[in-house]
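Comments concern the structure below.
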Amino acid sequence: VVPAKNTIENPEEILALVRQNENVVVAFPQVNSPVFYNNGKSQITGTTIGFPPSLGNQMYRIESFMVQGSIQNLEMNRNGILIGSGIADKMNLNTGDNISLTSSRGVTLSLTVVGIFQTKNSREDKTKSYVNLAVAQQLLKERNTYITDINVNIKDPNQAPEIAKDLSELTQYKAEDW
């Protein structure tokens with residue numbers, strides 16, 4: 001479910017509606033934020049994704065891509081961050097190190113690397129990170145009700161176009177099937 005104006009109004013109500021669909025396995029809020037990763041003189045442009053770690057892992061199986069640390073470390077550490085292996089390599093970072101993120105809204109936060117992931121997509125590994133939902137909201141100077149997306153996993157991916165249409169009608173937001 002993707003909003004037209006970068007935020008979903010009444011996200012808890014929308015999530016509750018989505019979760020009522022018998023085909024939905026998991027649904028959770030997400031905040032995407034463009035950021036600069038800073039470490040000493042190194043700077044990388046990328047995107048950090050804020051979400052509830054256990055639900056994000058249930059959908060994306062992030063734990064299966066971890067080469068250092070774990071998704072549970074992010075769950076337990078509010079100021080933690082999971083970074084792609086490309087970011088870790090370029091900035092010479094390991095778990096336990098600190099990294100500074102600066103958002104498009106000028107907010108800078110220092111976070112602790114609690115895990116490093118490596119997917120089969122080097123572009124993502126060089127630009128993407130995961131944080132707790134509240135950290136992404138803080139980076140954007142937004143309230144705890146601010147979300148940019150609702151991720152939905154369904155039982156049968158072949159039904160995605162039909163379920164996306166149903167969810168769009170139900171929520172009045174555009175739902176994408178991919």
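The values are calculated or read from the model by the stated rules, or taken from the named source; none is laboratory data. Bear in mind that the values here come from a model prediction, so they are computed numbers and not experimental data. Note that we place each Cβ from the backbone using ideal geometry, even for glycine, and neighbour counts take in every protein chain shown. Ligands, DNA and RNA are excluded from the accessible area calculation, which covers all protein heavy atoms including side chains. Shrake-Rupley method; radii C 1.70, N 1.55, O 1.52, S 1.80 Å.
Annotations
- Residue check for R78: of a type in the set (K, R), loosely packed, with under 15 Cβ neighbours inside 10 Å and at negative phi: yes
- Any hit, the stretch 49-58, residues being aromatic (F, W, Y), under 17 Å from A136 (Cα atoms) and buried (at least 18 other Cβ atoms within 10 Å of the Cβ): yes
- Test result for T7, under 15 Å from the mean Cα position of the chain (by Cα), open to solvent by less than 60 Å² (accessible area, probe 1.4 Å) and modelled with pLDDT under 95: yes
- Of all residues making up the stretch 125-166, the number that are under 21 Å from I62 (Cα atoms), touching a residue at least 12 places away in the same chain (Cβ under 8 Å), assigned to a helix (DSSP H, G or I) and open to solvent by 70 Å² or more (accessible area, probe 1.4 Å): 1
- Those residues of the stretch 71-97 which are part of a loop (DSSP other than H, G, I, E, B) and more than 18 Å from the chain's Cα centre (by Cα), in sequence order: N92, L93, N94, T95, G96, D97
- Taken over the stretch 37-70, the criterion of being assigned to a helix (DSSP H, G or I), of a type in the set (S, T, Y) and touching an Asp or Glu at 6+ places or on another chain (Cβ under 9 Å) is satisfied by S54 alone.
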